[in-house]
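A.B. asks: First, the structure itself, so that you have it in front of you.
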Amino acid sequence: MVAAPTPTQDDVPVLEEDESLTVHIPGNDTLGEPATEARVTLTGLAQADRLPQGEYLDPQVADPGTTFVCLEFKVENTGTAEFDTAPLTQARWTGKDGETKKVDQEIGGDCEGLGLVKENLLNEADPRAGEFVRGTTLLMVPDTQPGALEFADSLERALFKVGTTANR
């Protein structure tokens with residue numbers, strides 16, 4: 001099996017809020033992993049320096065020089081094998097000046113106070129064929145410049161990007 005070429009940065013589709021795209025993850029014969037496919041919809045996007053955490057809790061505050069990005073996804077399995085949602089819980093952020101950072105899911109906070117679903121995509125079941133899940137991914141990125149979050153499969157093949165803005 002020939003591996004799909006890794007797209008250049010210009011070839012990676014940009015996913016905007018309320019848009020969908022189909023994500024294909026090739027299988028790995030060596031590891032016995034089947035190819036998978038899902039329709040991913042960005043159902044919500046919010047960026048904030050503080051995350052409200054309920055009536056009796058203090059808000060979660062982003063580290064200095066950073067901002068929270070909350071992404072709400074609907075992931076519909078359109079393939080025949082279970083779809084692993086883990087690639088949608090971490091990303092590579094790249095600023096417009098070329099600065100780049102790996103950003104992982106922020107544990108302990110949620111996006112519900114910003115009007116998105118409370119369920120964390122990291123904790124949701126991986127959908128089987130014909131099923132779907134909804135959940136959020138909470139990331140912390142630099143806030144000094146606009147950039148893009150690039151989501152990739154386990155072999156670092158780019159799936160799609162989502163833009164971020166500067167908060168300053």
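A.B. asks: Could you list, in sequence order, the residues of the range 107-127 that are in contact (Cβ under 8 Å) with a residue 40 or more places away in the chain and in contact with a strand residue (DSSP E or B) (Cβ under 6 Å, 6 or more places away or on another chain)?
C.D. replies: Residues satisfying the conditions are Gly109, Cys111, Gly113, Leu114, Leu116, Val117, Leu121, Pro127.
A.B. asks: Collect the residues in the range 46-61 that are open to solvent by 80 Å² or more (accessible area, probe 1.4 Å), of a type in the set (Asp, Glu) and touching a strand residue (DSSP E or B) at 6+ places or on another chain (Cβ under 6 Å), keeping them in residue-number order.
C.D. replies: Within the range 46-61, none qualify.
A.B. asks: Here's something else I'd like to know. If you scan the range 118-146, which residues turn out to be part of a loop (DSSP other than H, G, I, E, B) and either within 18 Å of Val61 (Cα to Cα) or open to solvent by less than 40 Å² (accessible area, probe 1.4 Å) (or both)?
C.D. replies: Step one: list which residues in the range 118-146 are part of a loop (DSSP other than H, G, I, E, B), which gives 118-119, 124-131, 143-146.
Selection gives Lys118, Pro127, Asp143, Thr144, Gln145.
A.B. asks: Restricting the search to the range 40-62, which residues are under 27 Å from Val14 (Cα atoms) and either free of Cβ contacts under 8 Å to residues at least 40 places away in the same chain or assigned to a loop (DSSP other than H, G, I, E, B) (or both)? Spell out the reasoning first.
C.D. replies: So the first thing to find is which residues in the range 40-62 are under 27 Å from Val14 (Cα atoms), and the list is 40-51, 62.
Of everything in the range 40-62, those that are under 27 Å from Val14 (Cα atoms) and either free of Cβ contacts under 8 Å to residues at least 40 places away in the same chain or assigned to a loop (DSSP other than H, G, I, E, B) (or both) turn out to be Thr41, Asp49, Arg50, Ala62.
A.B. asks: Let me spell it out: the conditions are (1) under 18 Å from the mean Cα position of the chain (by Cα); (2) more than 18 Å from Ser154 (Cα to Cα), and Gln90 meets all of them except one. Which number is the exception?
C.D. replies: Checking Gln90 against (1) under 18 Å from the mean Cα position of the chain (by Cα); (2) more than 18 Å from Ser154 (Cα to Cα), the one that fails is (2).
A.B. asks: With the requirement that a residue be in a strand (DSSP E or B) and of a type in the set (Ser, Thr, Tyr), what does the range 86-117 give you? Don't jump to the end; show me each part of the working.
C.D. replies: As a first pass, look at the range 86-117 and keep what is in a strand (DSSP E or B): 90-95, 100-104.
Listed by number, the residues that qualify are Thr94, Thr100.
A.B. asks: Can you find, within the range 101-117, the residue that is most open to solvent (accessible area, probe 1.4 Å) among those that are of a type in the set (A, V, I, L, M) and out of contact with any Asp or Glu (no Cβ under 7 Å at 6 or more places or on another chain)? Please lay out each step first, then the result.
C.D. replies: Our first condition is that a residue be of a type in the set (A, V, I, L, M); within the range 101-117, this holds for 103, 107, 114, 116-117.
Imposing the further condition that a residue be out of contact with any Asp or Glu (no Cβ under 7 Å at 6 or more places or on another chain) reduces the set to 103, 107, 114.
Details: Val103: 11, Ile107: 122, Leu114: 56 Å².
Per the criteria, the residue is Ile107.
A.B. asks: Report, by residue number, each residue of the range 131-166 that is β-branched (Val, Ile, Thr) and closer than 22 Å to Gly115 by Cα. Talk me through it step by step, then tell me what you get.
C.D. replies: Quick first cut of the range 131-166, residues β-branched (Val, Ile, Thr) only: 133, 136-137, 141, 144, 162, 164-165.
Residues satisfying the conditions are Val133, Thr136, Thr137, Val141, Val162, Thr164, Thr165.
A.B. asks: Can you name the residue in the range 147-168 that is more than 12 Å from the chain's Cα centre (by Cα), open to solvent by 20 Å² or more (accessible area, probe 1.4 Å) and not basic (Lys, Arg) and, of all such residues, is modelled with the lowest pLDDT?
C.D. replies: Asn167
A.B. asks: When you look at Thr78, is it among the polar types (S, T, N, Q), open to solvent by 20 Å² or more (accessible area, probe 1.4 Å), over 21 Å from Gly163 (Cα atoms) and in contact with a strand residue (DSSP E or B) (Cβ under 8 Å, 6 or more places away or on another chain), yes or no?
C.D. replies: yes
For every residue, the table says whether it meets (1) at pLDDT below 95; (2) surrounded by fewer than 16 Cβ atoms within 10 Å (Cβ to Cβ); (3) hydroxyl-bearing (Ser, Thr, Tyr); (4) within 12 Å of Phe160 (Cβ to Cβ).
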residue: Thr6; (1), (2), (3), (4): yes, yes, yes, no
residue: Asp11; (1), (2), (3), (4): yes, yes, no, yes
residue: Val14; (1), (2), (3), (4): no, yes, no, yes
residue: Glu17; (1), (2), (3), (4): no, yes, no, no
residue: Leu31; (1), (2), (3), (4): yes, yes, no, no
residue: Pro34; (1), (2), (3), (4): yes, yes, no, no
residue: Ala38; (1), (2), (3), (4): no, no, no, yes
residue: Gly44; (1), (2), (3), (4): no, no, no, no
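The values are calculated or read from the model by the stated rules, or taken from the named source; none is laboratory data. Note that the coordinates shown come from a computational prediction; the quantities given were computed from them, not determined experimentally. We place every Cβ from the backbone using ideal geometry, glycine too, and count neighbours over all the protein chains shown. Note: accessible area is taken over every heavy atom of the protein model, side chains too, but ligands, DNA and RNA are not part of it. Shrake-Rupley method; radii C 1.70, N 1.55, O 1.52, S 1.80 Å.
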